[in-house]
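One structure is given below, encoded as structure tokens.
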Amino acid sequence: MALDRIKDLDQTFKATDGSVVNWRSPQGERYRYERDRAAVGKEIDGAHGRRRYEWHVLDKNDLTTAKRRVFELINEDEL
């Protein structure tokens, strides 16, 4: 199920300083923005139950750009 609007993103966590934000797709996939990395990541299966991410570097390092990129990644995966 693809998302129609960016505001439909299901935010599951946000650090108080905004440096880390997590979202979940309608299918349950997890996505993460880390300001220090200037990237968003899609969680992939890691060894021994550890979290690993496939990172996508952002052109502009801000939360709005991160939300747009997560929105695009979710819709790419769903289509």
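Only the coordinates and a few stated rules stand behind these numbers; no lab work does. Only a predicted model underlies this, so the values are computations on that prediction, with no experimental measurement involved. Glycine also receives a Cβ, built like all others from the backbone with ideal geometry; neighbour counts cover every protein chain displayed.
Between Arg37, Arg50, Arg68, the GNM of the chain built on Cα springs shorter than 10 angstrom shows Arg50 fluctuating the most.
In plain terms, the residue of Phe71, Phe13 with the fewest other Cβ atoms within 10 Å comes first and the most crowded comes last, giving Phe13, Phe71.
Sequentially through the range 15-23, phi angles give Karplus couplings (6.51, -1.76, 1.60; θ = phi - 60°) of 5, 4, 8, x, 6, 9, 9, 10, 10 Hz, Gly and Pro residues having no value and appearing as x. When Leu3, Leu63 are arranged by Cβ crowding within 10 Å, least crowded first, meaning fewest neighbours, the order is Leu63, Leu3.
Shape of the chain from the C-alpha gyration tensor: rounded (a/c under 1.5, with a ≥ b ≥ c the square roots of its eigenvalues).
Remark on Asp10: its backbone amide H falls under 5 Å from those of Arg24, a criterion applied only to residues 5 or more positions apart or on other chains, H modelled at 1.01 Å from N. The mean sequence distance of close C-alpha pairs (under 8 Å, at least 6 residues apart), as a share of the length of the range 6-78, puts its relative contact order at 21 percent.
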